[in-house]
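Structure, as structure tokens:
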Amino acid sequence: MDVKKPRGTRDFSYPEMEDRGHIQESISAVFERFGYRQILTPTFEHVELFAQKSGDEITEHMYVFEDKGGRKVCLRPEATASVCRMYSEELRDMRLPLRLYYFCPMFRYERPQKGRYREFWQLGMELIGSKKAEADAEAILLAYESLKAIGLSSELEVGHVGVLRGLMNDLGIAADVQDKATAAIDKGDRDGLMYLTESDVLGRLIGLKGTSDAISEAEKLLSDYPTASAALGELKEVLNWLDLLAVPYKVNLGIARGLEYYTGMVFEMRVPALAAQNQICGGGRYDKLIELFSGLSVPAVGFAFGFDRVMNAIEHQGITIPKKQVDVVVAPVNDEVRKAAFKITADLRGELSVDLDVMGRKLPKIMEYAAEVKAKYVLIVGPADLKENKATVRNMADGKQETVDLKDLKRRLKELCR
Ligand code: HAM
């Protein structure tokens, strides 16, 4: 049988899993320092959850199937809609704000390439309950601090879909055309946008990028458009917070995001050197999504790191991740001492990372194995030593050996391995 893994999925062996685990823990620790608590939603959901507000970009790429009960379900393509559903179903009586985060795989049937997979992981957060600009600023600050904690440099761009949609409202563009226009902006399809909206002002607005100059330009451009101007005022407030918190950013009024549920500030982080799939993080404010599921008007803001892209960026930027190492390999020299060696191992495993030969190999072969797994020490358990309640510790770095009393063994090995 020649069965391969499905296209767009990956196997992760242990060195990679250890690196991923280290980075995930480092970022989660920052999330927890900001007061976020981890949650988990189901891997599959009812299709309707994503049908209304996630946008064609997501729904066209969903893994949809019918279960044995004839229900249409899908593998989750993202988690924000799931978290809003969970809030409506499970958390609606909890005191706000709720600070939640998740780390789990998402599934999108896209054309696989480096940085784009059919199964990929997101590490994301949702701050539920506040409509204040400082909640937006907290989300952005958290993304920024997370990357700082792992030493990754990236570029942050902040925009506001309320400015885009506000302008389209002021121009009298119908809601369904707005959705298509927003998707065109997200794809960078300027001609499509012009065809849909025929608006020169909108065309100029999405080209505005930079710092405070982009904001002043936008203010001039939008002076006759009250809804768009009001949204621009909201964006300025968020930017004021970022200035206060010394988070470096660029304004980009052309960020539309691929998901339709955003209503306010939106942001993306990129590592330009990663070529095509360089967006490592995306998020923004969505004040109407929870209402869609619960009828409760609860505002929220959040973002998700594309975890696999973060890992690609780490590799690209040459960031070293501390490697895990086995502390001790226990080597019974013959069958006579095997039981005693196992008991010693069991005791040491309470506090150290200990590997025991279970292959019945001879000492030289165990030494080769210990070198291969990069053990720091080999504990040689031989009959002569054992008779005196002793064992021999060999340092794999320099080959030096010392004989240690069994009663002192754990303390001594801990001292050596520290
Ligand atoms: P998104 O921009 O669709 O937003 O995805 C977030 C991140 O996931 C992207 O910036 C990218 O790094 C990564 N990503 C997306 N598709 C793939 C793929 N096929 N392979 C690898 N990585 C990928 C969301 O999903 C929103 N739920 C984020 C959010 C949370 N907004 C508010 N709260």
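Candidates in region 288-298 are the residues that are open to solvent by 20 Å² or more (accessible area, probe 1.4 Å) and of a type outside the set (Ser, Thr, Tyr); of these, the one that is nearest to residue 205 (Cα to Cα) is 288. Within region 115-132, the only residue that satisfies the criterion of being more than 7 Å from the ligand (Cβ to nearest atom), surrounded by fewer than 19 Cβ atoms within 10 Å (Cβ to Cβ) and within 18 Å of residue 62 (Cα to Cα) is 119. Summed over region 43-72, residues that are modelled with pLDDT under 95, open to solvent by 50 Å² or more (accessible area, probe 1.4 Å) and small (Gly, Ala, Ser) total 1. Of everything listed in (1) surrounded by fewer than 18 Cβ atoms within 10 Å (Cβ to Cβ); (2) within 26 Å of residue 14 (Cα to Cα); (3) not hydrophobic (A, V, I, L, M, F, W, C), the single unmet condition for residue 355 is (1).
Here residue 346 clears all of (1) of a type in the set (Gly, Ala, Ser); (2) closer than 30 Å to residue 268 by Cβ; (3) open to solvent by 40 Å² or more (accessible area, probe 1.4 Å) except the condition numbered (2). The one condition from (1) in a loop (DSSP other than H, G, I, E, B); (2) without any contact (Cβ under 8 Å) to a residue 40 or more places away in the chain; (3) open to solvent by less than 30 Å² (accessible area, probe 1.4 Å) that residue 110 does not meet is (2). The residue that is farthest from the ligand (Cβ to nearest atom), counting only those in region 277-287 that are surrounded by fewer than 22 Cβ atoms within 10 Å (Cβ to Cβ) and touching a residue at least 40 places away in the same chain (Cβ under 8 Å), is 287. Within the option set 40, 75, 98, being buried (at least 18 other Cβ atoms within 10 Å of the Cβ) and closer than 24 Å to residue 26 by Cβ holds for one residue only, 98. Scan region 298-326 and report the pairs whose first residue is among the aliphatic types (A, V, I, L, M) and whose second residue is open to solvent by 20 Å² or more (accessible area, probe 1.4 Å) and near the ligand (Cβ under 8 Å from one of its atoms), with Cβ atoms within less than 8 Å and a gap of 6+ or a chain change. Once the first residue is among the aliphatic types (A, V, I, L, M) and sits in region 298-326, its partners that are open to solvent by 20 Å² or more (accessible area, probe 1.4 Å) and near the ligand (Cβ under 8 Å from one of its atoms) give 304/122. Within region 255-276, restricting attention to residues that are of a type in the set (D, E, K, R) and within 8 Å of the ligand (Cβ to nearest atom), which residue is modelled with the highest pLDDT? Once the filter is applied, the top-ranked residue is 268. For region 226-248, the set of residues classified as open to solvent by 50 Å² or more (accessible area, probe 1.4 Å) and not in a helix (DSSP H, G or I) consists of 245, 246, 248, listed by residue number.
Take the residues of region 299-314 that are more than 18 Å from residue 22 (Cβ to Cβ) and either open to solvent by 10 Å² or more (accessible area, probe 1.4 Å) or among the hydroxyl-bearing types (Ser, Thr, Tyr) (or both): which is farthest from the ligand (Cβ to nearest atom)? Only one residue fits best here, namely 299. Take residue 290 and decide whether it is within 16 Å of the ligand (Cβ to nearest atom), more than 30 Å from residue 383 (Cα to Cα) and touching a helix residue (DSSP H, G or I) at 6+ places or on another chain (Cβ under 9 Å). For residue 290, the condition - within 16 Å of the ligand (Cβ to nearest atom), more than 30 Å from residue 383 (Cα to Cα) and touching a helix residue (DSSP H, G or I) at 6+ places or on another chain (Cβ under 9 Å) - is met. Among the residues of region 253-276, those that are surrounded by 21 or more Cβ atoms within 10 Å (Cβ to Cβ) and outside any loop (DSSP other than H, G, I, E, B) comprise 265, 266, 267, 268, 269. Confirm whether residue 263 is within 29 Å of the chain's Cα centre (by Cα) and among the hydroxyl-bearing types (Ser, Thr, Tyr). So residue 263 fits the description; yes. The one condition from (1) at pLDDT 95 or above; (2) within 13 Å of the ligand (Cβ to nearest atom); (3) assigned to a helix (DSSP H, G or I); (4) in contact with a Phe, Trp or Tyr (Cβ under 9 Å, 6 or more places away or on another chain) that residue 103 does not meet is (3). Candidates are the residues of region 43-61 that are touching a residue at least 60 places away in the same chain (Cβ under 8 Å) and charged (D, E, K, R); the one that is farthest from the ligand (Cβ to nearest atom) is 56. Every residue in region 1-33 that is open to solvent by less than 100 Å² (accessible area, probe 1.4 Å) and within 15 Å of the ligand (Cβ to nearest atom), please. Answer for region 1-33, where residues must be open to solvent by less than 100 Å² (accessible area, probe 1.4 Å) and within 15 Å of the ligand (Cβ to nearest atom): 6, 8, 9, 10, 12, 20, 23, 24, 27, 31. Restricting region 209-225 to residues that are in contact with an Asp or Glu (Cβ under 9 Å, 6 or more places away or on another chain) and surrounded by fewer than 20 Cβ atoms within 10 Å (Cβ to Cβ), the residue that is nearest to residue 169 (Cα to Cα) is 224. Among residues of region 1-29 that are under 23 Å from residue 40 (Cβ atoms), those with a beta-carbon under 6 Å from a residue that is part of a helix (DSSP H, G or I) and polar (S, T, N, Q) at least six positions away or on a different chain give the pairs 27/146.
The values are calculated or read from the model by the stated rules, or taken from the named source; none is laboratory data. If you're wondering where the values come from, they're calculated on a predicted model, not measured in any experiment. Note that we place each Cβ from the backbone using ideal geometry, even for glycine, and neighbour counts take in every protein chain shown. Note: accessible area is taken over every heavy atom of the protein model, side chains too, but ligands, DNA and RNA are not part of it. Shrake-Rupley method; radii C 1.70, N 1.55, O 1.52, S 1.80 Å.
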